[in-house]
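Below is one structure, written out as structure tokens; the observations come after it.
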Amino acid sequence: MIKKIFLIGYMGSGKTSIGAKLAEILNCKFLDLDAFIEEREEMSVKMLFKLKGEIYFRKAETKYLQEIIDQNEPIIVSLGGGTPCYGNNMERVLSATDIKSVYLKATIPTLAERLFTEKEQRPLIAHLNSKELLIEFIGKHLFERSPFYSQSEVTILTDGKSIDEIVEEVLKAED
Ligand code: S3P
């Protein structure tokens, strides 16, 4: 029986807003993995990268992901953009029989548009000072990451759709 929905996708793909809305509708708990890491590590993702380094962050991410997978309650979870792409994280998500994995797929121009104004809190892209550089970075990064994201059980194309429309599609796939 599906008890958990895990939202997967690149930075800026809407995982957190869609997740919060879904949890509201389904009347269950919502957990954003980045926020969970920040709470448990008592430090922002930005500072974790800066002070402890990306490898430390990835290890912490894997550890907390497992804790969430092991929780035995209905829950909507938005993963970090990199979560499915490190260690055997994606395998762990896919092998849990009570989890439905949903990839929120957006195109490069849409992601770049969204991320350009909110890149400061995201250590991997904070240094990219023009939209052109951001587009180039996202293109290469998505090429590497898509094979992981695409293993999700459900893929939803999100471009041009409202939060409500996307939520509706996730709910349909959940039936
Ligand atoms: C990352 C995405 C971020 C956060 C960290 C690394 C990534 O999460 O986990 O900055 O590797 O794509 P969001 O996708 O929620 O921005």
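Every read-out reported here was derived from the displayed coordinates using simple, explicitly stated rules and does not represent laboratory data. Not measured: the values here are computed from a predicted model. Here the Cβ is made from the backbone with ideal geometry for all residues, glycine too, and neighbour counts use every protein chain on show.
If you take all other residues with their beta carbon under 12 Å from the beta carbon of D164, and give Lys and Arg +1 and Asp and Glu -1, the sum is -2. Annotation for E120 and K172: the two label points, set 7 Å from Cα along the Cα-Cβ direction, are 3.9 nm apart. Taking the helices alone, the chain has a mean residue ellipticity at 222 nm of -15500 deg cm²/dmol, built from -39,500 (n - 2.57) per DSSP H run of at least 4 residues and averaged over all its residues.
Count charges around A106 for me, please; just the other residues with Cβ under 12 Å from its Cβ, Lys/Arg as +1, Asp/Glu as -1. Net of charged neighbours comes to +2.
Sorting L33, L104, L142 by the number of Cβ atoms found within 10 Å of their own Cβ, with the fewest placed first, yields L142, L33, L104. For the residue pairs K59/K105; K4/K59; K63/K140; K105/K172, the alpha carbons lie more than 20 Å apart in K59/K105; K4/K59; K63/K140.
Checking understanding here: applying a Kyte-Doolittle mean of at least -0.5 and a length along the axis of at least 18 Å (C-alpha), which whole DSSP H helices in the chain pass? Flagged H segments are 131-149.
Were the residues from I108 through K63 laid out at 0.36 nm apart, the gain over their Cα-Cα distance would be 13.2 nm. Full extension of the segment from S162 to S146, taken as 0.36 nm per residue of separation minus the current Cα-Cα distance, would add 3.5 nm.
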